1. For region 160-269, give the magnitude of the charge dipole about the Cα centre (Cβ charges: +1 Lys/Arg, -1 Asp/Glu; no others), in debye to the nearest 20.
2. Give me the angle, in degrees from 0 to 90, between the Cα long axis of helix 416-429 and the longest principal axis of the Cα atoms of the chain, rounded to the nearest 10.
3. Would you pull out the residues with amide H under 5 Å of residue 159's amide H, same chain only if 5 or more places away, H placed 1.01 Å from N?
4. Across all directions of projection, what mean area in square nanometres is found for the Cα convex hull of the chain?
5. What list of ³J(HN,Hα) values in whole Hz, one per residue of region 313-330 in order, does the Karplus curve 6.51 cos²θ - 1.76 cosθ + 1.60 (θ = phi - 60°) give from phi, with Gly and Pro shown as x?
6. Please give the per residue accessible area of region 193-290, computed with a probe of 1.4 Å over protein heavy atoms only, in Å².
7. From a point 7 Å beyond the Cα of residue 462 in the direction of its Cβ, which residues of region 366-404 have a backbone N at a distance under 18 Å?
8. Multiply the residue separation of residue 89 and residue 241 by 0.36 nm, subtract the distance between their alpha-carbon atoms, and state the gained length in nm to one decimal.
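The values are calculated or read from the model by the stated rules, or taken from the named source; none is laboratory data. As the structure is a computational prediction, the values presented were derived from the model and not from experiment. FYI the Cβ positions are ideal-geometry reconstructions off the backbone, even for glycines, and counts take in every protein chain you see. Note: areas computed on protein heavy atoms with side chains; ligands, DNA, RNA excluded. Shrake-Rupley method; radii C 1.70, N 1.55, O 1.52, S 1.80 Å.
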Amino acid sequence: MDNHFDLFVIGGGSGGVRCARIAAGHGAKVGVVEARHWGGTCVNLGCVPKKIMVQATEYGGWAEDAAGFGWDIETRGHDWGRLIAGKDREIGRLNMIYTRLLENAGVRVFEGRARFADAHTLLIEASPLAPEAAPRRITAERIVIATGGVPAVQPHIAGQEFGITSDDAFHLPARPDRVTLVGSGYIGVEFAGIFAGLGAETSMIFRQKLPLRGFDEDLRVALADAMEERGIVRHSSTLLHRIERQGDAFALTLSDGRRIDTDLVFFAVGRHPNVAGLGLERTGVRLTETGRVIVHDAAQTDEDGVYAIGDVTNQQNLTPVAIAEGHMLADRLFGGAVRDWRLDTVPKAVFFSPPLGSVGLTEAEAAARGAADIYAARFKSMRHAMSGRNRFTTIKLVVDHASQVVLGAHMLGEDAPEIMQGLAIAVTAGLTKSDFDRTVGIHPSSAEEFVTLRTLTRTVGT
Ligand code: FAD
């Protein structure tokens, strides 16, 4: 078979699959190679299994809360093995859907690990997905690097080899009794919620005073309170210094000298672009010092005909962003009309219980740009007035003082991601506070609070 392509994509994850499918739909001759698992991080080691595990935790909370509504529910514990088996079945189903989608779109599918021989030639060799594959060579007019990212471990810590990362956490044989997470980005926060929700004694060690650096400060404070309510112990403004093995458990020493005993150390300290072994040195593709592929307009790298999309460019590491970049690139190269995506109002969610949702500017970002009006509220939802759970909802709008355009919306509370998707349309469209005010609410809901925020909380950035 002719092994020359109009477009060849390295990486069958969120961005790569979308790019390949759309390009093939435009009539291009397209191939895609995957080394490990179809669907990439999101399907196999990210969004999908994570959300399944978060959902698993919610049933425990609902069973407890049901008493306030008159139910008498007795739970007899949680079967970790059954959850993991169910999750793996669902992922297997999704893996097959991905290859089928590609083949139905007319994309030639390769299994193996690709590396550049030169800017238009790739060698494909055996990999975990295709351990027996004979080496192959393909050439292409254009090549897309969509190789994603890999989890980092904290360097320079004695005993760091005893820690796991999110890649391992999805396949633990049993739920550990005591878990310590290092790092408080969204992956650390979500897994703290998962382990605590499934009954583990959970603690977090992190450098900042509050978890979730980069999110709105009020949400970070609300999250710290919510963690308290969930019984998660926070060791904030602290670093991990040493991990020592003690039989099946570990003794951790913190920067302030405190010691913690735990059964599992989980590094959630960020992710690196996945460029190792790609042979980029045989191309003109340039990397930053931190190893991300440098891209210019339209995903173009420093090598003509070589493009990069998604997490390997380490910009906004989210599935819908990788998908949008892949789609846009395919349209640009082969389709003509390019949809006008706005990547500065990408909504974000953190699937803690209760979850967080955010879109647009935080209060601090808006204040740094000029005067901004802040509307904020904190309340107990009807559900928790009944359940008796000490859980609060926090909502906030950040509004440009002069134009009254809503620059940001933030929420911690049940259904925040679902609500934020709708509000993201309003923020992307540049609607004003008066557009929110003239919108009638849905009652009774938490979402209606976003259209009934009448009292200015404060004006900042003046
Ligand atoms: P990936 O999906 O990582 O795909 C890259 C693929 O390339 C991989 O399958 C890899 O095996 C393959 N590959 C690498 N090198 C080679 C090679 N040399 N040859 C062949 N194949 C190769 N995002 C969200 O939007 N929402 C979430 O809730 C969310 N939760 C997450 C939770 C966790 C724990 C993690 C780790 C990530 C999460 N993300 C989430 C981020 C999301 O998974 C990524 O942003 C997204 O998968 C990036 O897509 P991508 O196409 O850039 O790369």
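1. Taking the Cα centre of region 160-269 as origin, the dipole is about 280 debye.
2. Taking the Cα atoms of the chain, the angle to 416-429 is about 70 degrees.
3. 243
4. The directionally averaged projection comes out at 24.8 nm².
5. 8, 6, 10, 10, 7, 9, 4, x, 6, 4, 5, 4, 5, x, 5, 4, 5, 4
6. With all protein chains present, region 193-290 gives 48 Å² per residue.
7. Within reach of a label on residue 462, which here means backbone N under 18 Å from a point 7 Å along Cα→Cβ, region 366-404 contributes 366-376, 398-404.
8. 50.9 nm
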